[in-house]
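Let me begin by presenting the structure, written as structure tokens, before commenting on it.
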Amino acid sequence: MLQHKFKKMGNGKHWIQTYTGKQFFYDDIDSNDIDIRDVAHALSNIPRFAGHMKKFYSVAEHSVNVARLCSTKGKKSDMWGLLHDASEAYISDIPKPMKWAVPEIVTYELKIQIAVRKAFDITFDDDIEDIVDWADLLMLITERYKGFDFIIPWGYYEDIEPANMELKFLSPNEAEREFLKIYSMLT
């Protein structure tokens, strides 16, 4: 009965329409299809933690905060901090435990991230990756402690203290503007 909902669209390929009116093909990922306006708009409308925080908190705001944590390390780490979750503009924010359960999701995420790096001419070494990974983890912990009314043990990352920063819980429009402002400052 529901099979009609899962048929391939149009030309037989899997794609979505983006905010700027582009087609983004999942089975033929092309860096030319990635636009910073699409990334900023989509990430500003996608909540972290599958929407379970006490207030709306977007992936765009998270990304801005990661970039800020990287800001003392250099422009390349700032830019990758801002764009480290850009793939989520095309696949949404999928919580880590779900990614662990369905590793194929990570395969698509990595393919999109490679296209993002190409689209924005981002090249760096392992040091930059380590800086951004640490800032991303620090934001995860900070969001855990400042974004939920109840803290329950996760069984991992329990020994990491949150960053000394407040979450603003920006509206989607505010988060999109802030994301694009940081991007503009870095380019």
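Find the eigenvalues of the gyration tensor of the Cα atoms of the stretch 142-187, then list the square roots of 5 times those eigenvalues as equivalent ellipsoid semi-axes, largest first, in whole angstrom.
Listed largest to smallest, the semi-axes of the stretch 142-187 are 28, 14, 8 Å.
Using only helices, what value at 222 nm comes out for the chain when you add -39,500 (n - 2.57) per DSSP H run of length 4 or more and divide by the total residues, to the nearest 500 deg cm²/dmol?
About -15500 deg cm²/dmol.
Obtain the nm distance between the two label points defined at ASP127 and SER71 by a simple spin-label model: each point lies 7 Å from its Cα along the Cα-to-C-beta direction.
The two pseudo-label positions are separated by 2.2 nm.
To the nearest 10 degrees, how steep is helix 104-119 against the longest Cα principal axis of the chain, on a 0 to 90 scale?
90
Can you compute the modelled spin-label distance between ASP149 and LYS13, with each label point 7 Å from Cα toward Cβ, in nm?
Between ASP149 and LYS13, the simple spin-label model gives 4.7 nm.
With just the Cα atoms defining each centre, how far is the stretch 91-109 from the stretch 23-81? Give it in Å.
Cα centroid of the stretch 91-109 versus Cα centroid of the stretch 23-81: 16 Å apart.
What is the magnitude of the charge dipole of the chain about its Cα centre, with +1 placed on the Cβ of each Lys and Arg, -1 on the Cβ of each Asp and Glu, and no other charges, expressed in debye to the nearest 20?
720
Not counting the cut sites, what is the longest span of the chain without trypsin sites (Lys or Arg not before Pro) that DSSP labels loop and that have at most 13 other Cβ atoms within 10 Å?
56-187
Name the residue, out of ILE112, ILE152, ILE91, whose mean-square fluctuation peaks in a Gaussian network model built on the chain with Cα pairs under 10 Å.
Greatest mean-square fluctuation among the candidates belongs to ILE152.
Just checking my list (i) 25, 17, 17; (ii) 34, 26, 13; (iii) 27, 21, 16 against semi-axes √(5λ) of the Cα gyration tensor in Å computed from this structure; which label fits?
Computing semi-axes √(5λ) of the Cα gyration tensor in Å and matching it to (i) 25, 17, 17; (ii) 34, 26, 13; (iii) 27, 21, 16 gives (iii).
When the distances between all Cα atoms of the stretch 67-176 are binned every 5 Å from zero, what whole-number percent does each bin get?
With 5 Å bins starting at 0, P(r) equals 2, 10, 17, 22, 22, 18, 8, 1, 0.
Calculate, in nm to one decimal, what ILE114 and THR20 gain on full extension: separation in residues at 0.36 nm each, minus their alpha carbon distance.
31.8 nm
Going toward the positive end of the dipole of the stretch 75-187, with +1 on Lys and Arg Cβ and -1 on Asp and Glu Cβ, which of TYR156, PHE124, ASN173 do you reach last?
Of the candidates, ASN173 comes out farthest on the positive side.
Coordinate-derived values only; no laboratory data. The shown structure was predicted, so the numbers you read here are calculated from the model rather than taken from an experiment. When we count neighbours, we look across all protein chains shown, and the Cβ atoms used for this are built from the backbone with ideal geometry, even at glycine.
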